[in-house]
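What follows is a short report on a single structure.
Values quoted throughout were computed directly from the atomic coordinates according to the rules given, and no laboratory measurement underlies them. Worth saying up front: this structure is predicted, and the values here are computed from it rather than measured. Neighbour counts are summed over all protein chains in view; Cβ atoms, including those assigned to glycine, are modelled from backbone coordinates with ideal geometry.
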């Protein structure tokens with residue numbers, strides 16, 4: 001486990017690095033596309049949301065949310081991703097919404113740094129953003 005420190009400029013810089021952002025979003029999309037059909041179903045998106053565990057705790061205190069409330073919440077989030085109302089989320093829709101989310105987070109963070117504890121094998125976009133910033137600050141080594 002490692003600790004990274006990020007702020008809004010870290011997140012924004014990651015999103016603005018078009019090649020790195022697209023690559024990272026495509027990798028994440030592939031991890032979420034459990035059946036490999038090239039789109040995310042409602043159930044695949046729900047599994048992803050549940051894995052984030054954002055709903056279950058609030059500042060360390062357990063919060064009870066009824067199954068009906070969770071279903072409504074997950075459905076409303078899914079609808080935001082499914083721009084064309086096809087019933088699935090394709091890579092383009094996923095990338096577009098993730099870009100909006102990451103930029104909103106960057107705006108919210110501003111210049112206030114936060115610490116995040118991340119597993120070494122964490123595949124989150126925040127870890128990718130932190131890794132990209134570290135790689136930019138290290139001098140490049142000449143190839144031998």
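With a Förster radius of 22 Å applied to the C-beta separation of residue 124 and residue 42, the computed FRET efficiency comes to 0.50.
Available extension along the chain between residue 31 and residue 69 is 11.1 nm, counting 0.36 nm per residue and deducting the alpha carbon span. Summarising the label geometry, the points placed 7 Å from Cα in the beta-carbon direction at residue 5 and residue 22 lie 3.4 nm from one another. At full extension, residue 79 and residue 104 could sit 7.2 nm farther apart than now, given 0.36 nm per residue minus the alpha carbon distance. With distances taken between every two different alpha-carbon atoms, region 2-136 has a Kirkwood hydrodynamic radius of 16.0 Å.
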